Amino acid sequence: MLTGKTVIVGISGGIAAYKTCEIVRGLKKEGAEVFCVMTVSAQKFVSPLTFRTLSGNPVITDLFDEDLNNTPVPHIALREKADLVLVAPATANIIGKTANGLADDALSTLLLSVKCPVIFAPAMNPVMWENKVVRQNSKKIQKLGIKLIGPVYGEVACGEEGTGRMAEVSSVIDAVFDLLNHKNDLSGLKILITAGATREAIDPIRFISNRSSGKMGFALAHAAKRRGAEVTLISGPTYLNPPANVNLIEVTSAEEMHKAVQAAAQKQDVIIMTAAVADYRPNFTFMQKLQKRADTMSLELTRTVDILEELGKSKNGSFLVGFAAESNNLIENAREKMKKKNLDLIVANNVEAFEEDCSEVFILDKAGEVEQLPLQEKISTANSILDRIVTRVSPSRKDRA
């Protein structure tokens, strides 16, 4: 999603610099060209070699470093290439320098020379963040047009608790996307996405479920939010961190998901059902743990509500997308499911995609077209799916807002 964009990441001297490694990795995975500029203090926490390895580019640490003579993009030329500068962590020191126009190292000099958007992700001790001078400097750089993301409340490295932690990696990367004004083609649309597996209880500790991790649904929610949509995410149990700024509704059973979807579906422009909802549930849930006694045991099951089929009968103008995970006859089964459940689009994949970070999928539409997407990370697949949806959603929906 950031292919063709150049992001300069400035690292100043704070323990949160270790998080910046993940930020650089995340930006690279999205296709951005990344260059890192480090202060002397930052190098005490993470070595330049780490950022050189992660970014794939030389790291600027000193305005007068002789190595810059052999650098393809010297520090001063970065301003011509940069689409955005991100400083993470942004310490009280670099905030103060920027606020007062000081330039005594590579990073502070760069910040005075760039004309592109700039984001600071402050990170420091909570008492420092509340210091009047720091707050004044923070307000001053915001008036100069620099965007602040964070800090957030939590425990900091010294053990104190308060507002001073650097914003989470995903929030910082989202801020980069927002400021670069990447695709905003879903603005004004309300999108409901279901994700993960449901659990149908047998007793207090046992349940029927499946291998769905929720990764595809969370990737779709993340991508849709980045592209301007108002996103509601209904998810079964998962270990994944939810995307920032989405309306997350957590459920456990198929019945709970059914009720949550029913409550939310009427207000949606697009509904994407990636959740692997259990087809059957036990007729009876035991209140106490079942003890191991007999050599065999029978469990009577009953069908759960087919949420997707129910939605297909009363779409109320929503664009409905289903998913089909199959172990055989992939295209045939997906086409039959699309017709039976009155879907506008269906995404089909082999069951091997469960729990994986990458997937290879087929997209089928009502016109009978079948498009195969390559094996790629699920965030890329999510954006490809959204690309197909946005071309099929009526302009009246997109213009409504």
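Tell me the label-point distance for the pair residue 161, residue 47, using the 7 Å Cα-to-Cβ offset, in nm and rounded to one decimal.
Output for this residue pair reads 3.7 nm.
List 384, 187 from most exposed to least, where exposure is judged by having the fewest other Cβ atoms within 10 Å.
Ordered by Cβ neighbours within 10 Å, fewest first: 187, 384.
Under a Cβ-only charge scheme (Lys and Arg +1, Asp and Glu -1), can you give me the dipole magnitude of region 103-221 about the Cα centre, in debye to the nearest 20?
Once rounded to the nearest 20, the dipole reads 400 debye.
Which one of 223, 179, 158 is farthest out on the positive end of the charge dipole of region 155-289, using unit charges on Cβ (Lys, Arg +1; Asp, Glu -1) and the Cα centre as origin?
Result: 223, furthest along the dipole toward the positive end.
Lys pairs in region 6-180, Cα-Cα under 17 Å, at least 8 apart or on separate chains: how many?
15
Could you give the nm distance between label points at residue 171 and residue 81, where each point is 7 Å from its Cα heading toward the beta carbon?
Distance between the two pseudo-spin positions: 3.1 nm.
Based on Cβ point charges of +1 for Lys and Arg and -1 for Asp and Glu, what charge dipole magnitude is obtained for the chain about its Cα centre, in debye rounded to the nearest 20?
Charge dipole, the chain, about its Cα centre: 1040 debye, nearest 20.
Rounded to the nearest 500 deg cm²/dmol, what is the calculated helix-only ellipticity per residue at 222 nm for the chain, with -39500 (n - 2.57) per DSSP H run of length n ≥ 4?
Mean residue ellipticity at 222 nm (helix-derived): -9500 deg cm²/dmol.
With each label point set 7 Å from Cα along the Cα-Cβ vector, what nm distance links residue 372 and residue 241?
Each label point is offset 7 Å from its Cα along the Cβ direction, giving 3.6 nm.
Rank-order 273-284, 83-94 by packing density, defined as the average count of other C-beta atoms within 10 Å over each peptide's residues, highest first. Before the final figure, lay out each step's value.
Working: 273-284: 19.5, 83-94: 24.6.
Highest-to-lowest ranking by the protection proxy: 83-94, 273-284.
What FRET efficiency comes out for the pair residue 25/residue 127, r = Cβ-Cβ distance, R0 = 41 Å, nearest 0.05?
0.85
Give me the number: length gained by fully extending residue 152 to residue 305, i.e. 0.36 nm times residue separation minus the C-alpha to C-alpha distance, one decimal in nm.
Gain on extension, residue 152 to residue 305, equals 50.9 nm.
Find how much the distance from residue 180 to residue 358 grows on full extension, using 0.36 nm per residue of separation minus their present alpha carbon separation; answer in nm with one decimal.
Value of the extension gain: 61.5 nm.
So, by mean Cβ neighbours within 10 angstrom, what's the order for 229-235, 304-310 with the highest one leading? Could the numbers behind the result be given before it?
Working: 229-235: 24.7, 304-310: 17.7.
Put in order of decreasing packing, that is 229-235, 304-310.
Under 20 Å between alpha carbons, and skipping anything fewer than 8 positions from residue 289 in its own chain: which aspartates and glutamates qualify?
Cross-link targets: 200, 203, 300.
On a full-extension model of 0.36 nm per residue, what is the gain between residue 139 and residue 293, subtracting their alpha-carbon distance, rounded to one decimal in nm?
Values: separation 154, 0.36 × 154 = 55.44 nm, distance 6.86 nm.
Full-extension gain reported as 48.6 nm.
For the residues 295, 269, 365, what sequence is obtained by ranking on other C-beta atoms within 10 Å, fewest first?
On the way: 295 5, 269 23, 365 15.
Final ranking by Cβ density, sparse to dense: 295, 365, 269.
Taken together, the values in this text are just the output of simple stated rules run on the coordinates, not laboratory data. Keep in mind that this is a model prediction, so the values were computed, not measured. Cβ coordinates were reconstructed from backbone atoms using ideal geometry, including for glycine residues, and neighbour counts include every protein chain displayed.
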